[in-house]
Each structure stands twice: as C-alpha cells, then as structure tokens.
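The values are calculated or read from the model by the stated rules, or taken from the named source; none is laboratory data. Everything quoted here is computed from the prediction, not taken from an experiment. Note that each Cβ is placed from the backbone with ideal geometry, even for glycine, and that neighbours are counted across all protein chains shown. Note: accessible area is taken over every heavy atom of the protein model, side chains too, but ligands, DNA and RNA are not part of it. Shrake-Rupley method; radii C 1.70, N 1.55, O 1.52, S 1.80 Å.
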Amino acid sequence: MSVRPSGSPQGAKPKAEVIAEILASIEDAACVRKLVFCGTFPECCTQEDERAFPIPPPPPGNSEKLFEPGLCSGSWRGSNCGNCRAFPGDGARDCFQLDTCRRHLHRHVAGFLISALGGSKVQIGGPTAAFIPVVVSVGAAYGPANLIICTMLAGLILIGMGLARMGNMIKFIPFPVTAGFTAGIAVVIFSTQVKDFFGIQMEKNPGEFVERVRLLAEHAGTANWKSALLAAGSLALIRFWPANLGRRFPSSIVAVVLGTVTVAVFGLEVQTIGSRYGIDAIPQSLPMPHWPEFKFGDLSNLIRPAFTIAMLGAIESLLCAVVADGMIGDRHDSNTELMAQGVANMGSAFFGGLPATGAIARTATNIRSGGRSPVAGIVHAVTLLGVILTAAPLARYIPLATLSAVLVNVALNMGEWHNFARLRRWPRSDGAVFGATFLLTVLFDITVAVEVGMVLAAFLFIRRIAETTQIQGMKDNVYDEGPIGEADAKAASHVPTGVIIYNLFGAFLFGTADKLEMALERSRQEPEVLILRMRQVLAMDATGLESLEDLAQRLRHRGKHVILCGPHSQPLMAMHRHGFIEWLGEENVCADVEGSLKRAEELITKKELRRSNHGDVEH
C-alpha cells in the first residue's frame, strides 16, 4: 500500500503534523499502529512516501507526546518490532507500562519452572511486588530489551549462587536491611497508584518519588470522584472480604470482577486497560522464545540492577521456603531452590517475561488449599495460563481504579509498618540501618538502598565485634568457669617478675587487632615475656594475624619474647598456614597458663645467663 500525500511534501513541518497527514492517508490499521508506536514507517509505506514525509528526529530532552497511549497497541524494542524507538518522557513510560502488561502473560513459564525444579515442594512462584521499582526503573531507563537481558543476568547469578552453595545466605542479610527496603518498596508502590486511584489527570507519572509527589499535589484538583469511589469501594471489599470465603474466592479477583461489572452496568467514565493501552494490550497467544536485542555497551549499566534482582529473588524465595516449611513440617533444599529460581528467570526472559521469585501469599494459599507437592504449582501455572489466554479479550474492560486498589492493598500489607513503632526499642545502629535503607529506597532506588544498607550494616557489625573483644591483664581475681579456668587462675597468682599475661576475649579481627597494642601502651611497661592467653579467641583473620606477627617481631627485635597460651583451633590453624607458629617456635605455644609460665621462666633464665656470661667476658 502506498501512502497518498495530501499536501506539499517539502515543507518543514512539526513532527506531529507530518505524522497526522500520513495517518489520514493510511487505511491499514496495522500500519497505523506501527507508525504510531514505533515512530518509523511500516512496511506498507514506500520509499517515495518516506522521502515525501520525512519524520524529523525528536530533539534532545523532548518529552512531547504525539498520541494518546490508547493508540499504542504494538510492542516495544526486543519483542516483535526491531526498529521501535521510544521518545523520552512520559510516552516512553506509557509504552513500557503497556509492554509490562504483556509480559505478565509469561509469569506462568517461571511459575511452572519454579514448581517443577525448586527445592520446596509447595512453593508458588511468579513476579512479585518487590520487583516493581527495579523493573520499572530498568525498563524506563534502558528499554524492555535490556530488562530481559537484566533478568537473564539475574538468573545466571542465582544459578551461580546455588552452585556455590550459598543457599544459607539469607542468614547473613540483616533484618533492618530487609525490613527497610520492604517498607520502602511499599511506599513506592503506593505512590505510583495514587494517580489511578483518584483518577488524577496529569500527563506523566515520574519515576522520581519527590517529583511524583509534587506533580500529584499540583494536579490534585483534577481528581475524578467516580474513579476515587470505585477504587475506595474495591479497596474496602479487598480489606474486609471474609477470610473463609477468601480461600476459594480471592478478594482481589472478586474486586476486579465486580469493579469491571460496575463500570459496564453504570457506564462510569473511568479509565480502563483498553482505553489507556489499547484493545490488544494483553495478547491471546504465547510467543516463541527469542533472543532480544543486546548491545555490550549497556552491560555495565545492567550489572547492578541484575544483582539487585538476584538478591531480591533469593531473599524472597528463601524466606518463602522457610515459611512453607513451618506450615507443612518439611525442610527445603535452599541451594536447589536458588538454581531453580535462576533457571525460571532465564526461561521467563527467553519468552520476554519479567523476573520471578517465590510468592509467600500464593504459597500460603496453596498450602491452605491442600497442596503438598510440586504438582499443585505446575497445575496452578498451566490453569492460570489457560484462563488468561481465554479471558484476554475481556481484560480491556478492567478499570485501572480497581487495579490500583489491588496494588494499594499489596503496599499496605507488605509495609510491616509496626517496625516504625519498634524503632525506639531497637539499638540505635539497627535503627540507622533501617532508616537509611528505607529512605534510599524511596528517594533513589532499591539498588542503591541494598548496597548502602549492606555496607552500613557490615560496618556496624564490625564495630560491635570490636566492642565485644576485650583484652585484660590476668590477675589473682580472674576466674573462668570450669576446672581449666580455675587452674589457670591459680597459676597466674605466681607470675614472675618481667612477665605479663593478657587474657583475650572475642574475635581477633580487623577493627580489633589494635586493642592489644593499646593495652600494652596503657600498662606503660614492656615485659621480658608476653603471654597471650587465647583460649577465648574463637576466630582470627589476616588483619589480626598481621597485627600479632608485627608485635612479636618488634618484641623479638628488642630481645623480648611472646608465648601463646591455649590457642583455639581456628586461630591455631590460621597461624600454622601463615607460618607464624614456625617462626615463633613450637616450644612457645603452650596448652595452659602453668606451662606458659614454665616456658617464660626458661626464657628469662637463659637471658640472665647470657647477660652473666657477657659480663664475665668483659671482666
């Protein structure tokens, strides 16, 4: 088909006017959709048409919206059209939101794989609310094609974590970090739904929290009371739906159905999926696996969000598995679960889908409904896929106000708001980690929040270790529980002149290694023999070992000696591997204080003999 120009082709016209003239001449609806959505000429246009109606590229920073989002019914880069390009601004966000709606169809691929391959018998998987901020930010910034690549990278990271036997990693994620970014995600989700909940008329819904709040405040007067009433009613229905009915008829599904019927019966003028994203917003078929467009130059930008997706997926899936174990009295295989999550995310990405993980609410529903094997999750994925494919034509009638109510309820439930009331009873350091993670998630993004939260928590942990590590002079009143401690205390009551015994408690790690030198400085004396009782030192790292070796070398250089008393297995093995024991001498490592004192007397006696012999030679 050739486009018939309706005016002079050579004039320099605005982009909107140029495309409007083309649209007036195109009869094929598919060509219209491609031109509108991609900003490029469809196949039905000839080269002559392209020369006659040149489309100027958008200037840098231009956020002009040429058409309403409802006209966009194609797919974005990485799906069906390889030539698509999204203009900056809200148009790109609208297109990404449409593409996200389509990608929810492929959640069932991930759910199927998680149930079939996972380490938990009853876990139900799929996209969850925790992924919303990072998915939206990556998709809006780099496009859905790179979001797919990011999901694949996260899958590879999860598989690597499983192969590295990191299934117990959940134990090392501090609670203030997980609680902080969970509450932050809830606030982000809530803020993104205010526009549709109240039907506020504004052209864009920015990704930045502060800018979003500012625009919502500016356009608050444009709220649609019909949309607000529908959303409020849907939220009330979801919140107060009887629990006994919820097992068979989930409140969210009931709210969506009743909200759609209400709009149809009363003819409410509110936005629906079809009016915003087009009648074909949700496809009726599952696409074939394909490899999206990828530029190696984008890889560096995707590593951080990929790690964030992997961490979120690992944390949520392992937490879900732990909850499921408690409900059915079973025990999951955490490493197998991580590898299954990785395979599921890669499988979902090959079908153009979103990141997935274990969903606690869906898993709990599965268990309460009698599910006890992976077959329940497999049937769940297949059945849900069939329902969506069958009912896809009806989805365009779903009001966005009702969907926003569903997400508002998700945000209210996942926030764990009681943690804010408990902050005053937490240690200040934990409160600081929680507050920093929460604020960074809301004001910046979850990637930064998790990174800063983990680093801050690590520093505070090191500080606590340093505070618990103690170095004390061993005197007559020192008494440890047990016969060994009593024997050491008695032996320490007869310490010869020139010998000092220090009792070390706790871990001898970086951040604590300098305490030994500080203790020596406070004593204001340098002993002939320094005995370090290390029975209470359970761990030593390279920094602590380096500090100990440096102290021993300085003392030896001055003719002094160090004796180790009763070192624990881990520090002893570390010193052996480092070669410190060989350098110090096996004879200077003793089992108890009594043996250490005998060795100290031998060293002092030898030193006195050498001095005596040296004096005789001089005379």
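Tabulated results
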item	result
Shape category assigned to the stretch 186-225 from the gyration tensor of Cα positions, a/c cut at 1.5	oblate
Protection-proxy order for peptides 348-356, 252-260, each taking the mean of Cβ atoms within 10 Å per residue, highest first	348-356, 252-260
Highest-first arrangement of 366-377, 115-126, where packing means the average Cβ count within 10 Å	115-126, 366-377
Cross-link pairs LYS515/LYS607; LYS515/LYS606; LYS204/LYS295; LYS560/LYS598 - those with Cα-Cα distance over 19 Å	LYS515/LYS607; LYS515/LYS606; LYS204/LYS295
Tensor-based shape of the stretch 522-619 (alpha-carbon gyration tensor, a/c under 1.5 rounded, otherwise prolate or oblate)	prolate
Vicinal HN-Hα couplings computed from phi for the stretch 410-416 (Karplus, 6.51 cos²θ - 1.76 cosθ + 1.60; Hz; Gly/Pro x)	4, 5, 5, 7, 8, x, 6
Residue-by-residue Karplus 3J(HN,Hα) for the stretch 316-321, coefficients 6.51, -1.76, 1.60, Hz, glycine and proline x	5, 5, 5, 4, 4, 5
Debye-sum result for the stretch 131-272 in log10 I(q)/I(0), which assumes one identical scatterer on each alpha carbon, at q = 0.09, 0.17 Å⁻¹	-0.45, -1.16
Among 415-421, 242-248, 190-196, the order from most to least packed when residues are scored by Cβ within 10 Å on average	190-196, 415-421, 242-248
Solvent-accessible area per residue, Å², over the stretch 301-443 with all protein chains present [probe radius 1.4 Å]	42 Å²
Accessible surface ranking that places the most exposed of TYR142, TYR277 first, with a 1.4 angstrom probe	TYR142, TYR277
Solvent-free Debye scattering, log10 I(q)/I(0), computed from the Cα coordinates of the stretch 210-301 at q = 0.17 Å⁻¹	-0.97
Förster radius 25 Å - calculated FRET efficiency between THR390 and VAL261, Cβ distance, rounded to 0.05	0.85
Three principal axis lengths of the stretch 345-437 [C-alpha, angstrom, descending]	53, 36, 30
